[in-house]
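The values are calculated or read from the model by the stated rules, or taken from the named source; none is laboratory data. Every value quoted in this text rests on a predicted model; they were computed, and no experiment measured them. Backbone-built Cβ (ideal geometry, glycine too); neighbour counts: all protein chains shown.
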Amino acid sequence: MRRSVLLLSAFALAVPSVAALAQTSPAQTKAVKAELAAAVASPLRDKDRARDQYRRPAETLAFFQVTPDMKVGEYAPGGEWYSRLLGLYLGPKGKLVGLYFDPTSGAFNEKAQQGIRDGAVKYPADVAAASGLPADRFSAMTLEKIPDSEKGTFDRILVMRMMHNLLRWNIADREIKAMRDLLKPDGMIGIEQHRAKPDAPFSYANGSKGYLREADVIKFMEINGFTFVGRSEANANPKDPANWPGGVWTLPPMLAGAKDEDKPRLQAIGESDRMTLLFRKRD
């Protein structure tokens with residue numbers, strides 16, 4: 001019941017900001033919520049479900065106003081945790097596209113560049129295996145050179161816990177610009193990101209520790225052609241002090257550098273405190 005209430009609340013908060021969804025009938029809205037709930041509850045996600053308590057996928061995707069008929073890009077899919085869920089949710093009626101770093105951005109050595117390209121190649125098969133749907137329901141590309149046919153065709157792009165890397169690698173402007181080119185005129189970017197305290201010094205909140213200040217992310221996106229739509233506290237964790245000397249990786253799931261005697265305390269804190277922000281492409 002609590003998850004249902006949260007999911008309803010997330011949709012209620014999000015719907016007024018997009019005209020297309022504002023015109024959606026109650027029956028259609030109910031059907032969308034049911035399809036999202038079914039994807040999240042799928043037995044195919046049993047191995048991923050333990051992290052739902054930290055990542056709140058139903059509430060997050062509802063806030064990002066992702067509906068099952070959309071074309072959605074997941075940027076830097078990494079371990080593909082969200083991709084496996086999105087494949088279930090979007091695969092039957094929508095389109096899921098893995099969006100990978102521009103390997104020629106200057107941030108990657110030759111081995112890493114090849115790894116990026118290899119990841120894009122195998123992405124459709126990975127999501128197909130996890131969802132039980134044909135691989136041709138999914139696709140992937142690097143942001144090296146976007147085909148004209150893809151520009152202006154995406155409803156949503158999701159950037160999950162990755163903004164800190166873009167900023168510390170000095171590739172944020174070019175990657176966000178490429179994503180903006182992919183979005184439809186009314187398309188939106190949803191960002192989930194480890195959140196520093198508002199008064200954290202820049203030396204800690206510059207991405208090197210994994211944390212960013214929320215105000216800085218909003219300002220960056222506004223400078224780069226987006227309008228701030230709103231925020232959700234779906235992924236907030238007040239137990240996280242966000243001041244770890246070793247950065248966000250001290251917390252689960254990595255527990256980097258943690259002594260055995262400290263691990264129970266860190267597990268009790270859980271994953272990081274995160275901002276969840278939505279931005280619309282500005283004309």
Query raised in the report: Scanning for something closer than 17 Å to E35 by Cβ, in contact with a Lys or Arg (Cβ under 9 Å, 6 or more places away or on another chain) and assigned to a helix (DSSP H, G or I), does the stretch 94-112 turn up at least one residue?
Result: no
Report task. Give D69, D46 a once-over and let me know the one that is over 13 Å from A130 (Cβ atoms), modelled with pLDDT of 95 or more and charged (D, E, K, R). Result -> D69
Query raised in the report: If V127 passes every condition in (1) in a loop (DSSP other than H, G, I, E, B); (2) modelled with pLDDT of 95 or more; (3) not polar (S, T, N, Q) but one, which one does it miss?
Result: (1)
Query - In the stretch 229-248, residue nearest to A178 (Cα to Cα) [restricted to those that are surrounded by 15 or more Cβ atoms within 10 Å (Cβ to Cβ), under 18 Å from the mean Cα position of the chain (by Cα) and of a type outside the set (D, E, K, R)] - result: V229
Query raised in the report: Across the stretch 93-139, what is the total count of residues that are under 16 Å from N165 (Cα atoms) and without any contact (Cβ under 8 Å) to a residue 24 or more places away in the chain?
Result: 4
Query raised in the report: Cβ-Cβ below 7 Å, separation at least six or inter-chain, first residue in the stretch 67-89 and touching a residue at least 60 places away in the same chain (Cβ under 8 Å), second polar (S, T, N, Q) and not in a helix (DSSP H, G or I): which pairs?
Result: K71/T153
**Report entry** Residue ID - surrounded by the fewest Cβ atoms within 10 Å (Cβ to Cβ), chosen from residues in the stretch 75-107 that are under 20 Å from D52 (Cα atoms) and hydroxyl-bearing (S, T, Y)
**Finding:** Y82
Query raised in the report: Any idea which of L182, L167 is in contact with a Lys or Arg (Cβ under 9 Å, 6 or more places away or on another chain) and buried (at least 18 other Cβ atoms within 10 Å of the Cβ)?
Result: L182
